[in-house]
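Nothing in this text is a laboratory measurement; each read-out follows from the coordinates by a stated rule. Keep in mind the model is a prediction, meaning the values are calculated, not measured. Methodologically, a virtual Cβ is constructed for each residue, glycine included, from the backbone with ideal geometry; neighbour enumeration extends over all protein chains shown.
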Amino acid sequence: MCGASFCTWFGSGQVRDFVLSQDEAYEFKIGNAAFRRPGDPPLEVVLDQLIEEREAKEKAEKDAKKEAKKNAALPDKEEL
């Protein structure tokens, strides 16, 4: 199990407060309990948003390259 001093320290919320005060910490889990800063969305939601943004950026870049390639293949009006 755990020592009395650790259980008292953990139960008082000091562990949670200490971990969440670290810049690198966003969310941590102990057992089935997840802890994060008040007002922050769940990590899964943040990751989904970042993935969507990355995919949208990649699609826009791909579309821009495709459009540039299409425009490069067209002759200039002056050449006609």
Contour minus Cα-Cα distance for residue 29 and residue 59 (0.36 nm per residue): 7.4 nm
Förster radius 25 Å - calculated FRET efficiency between residue 17 and residue 46 (Cβ-Cβ, nearest 0.05): 0.75
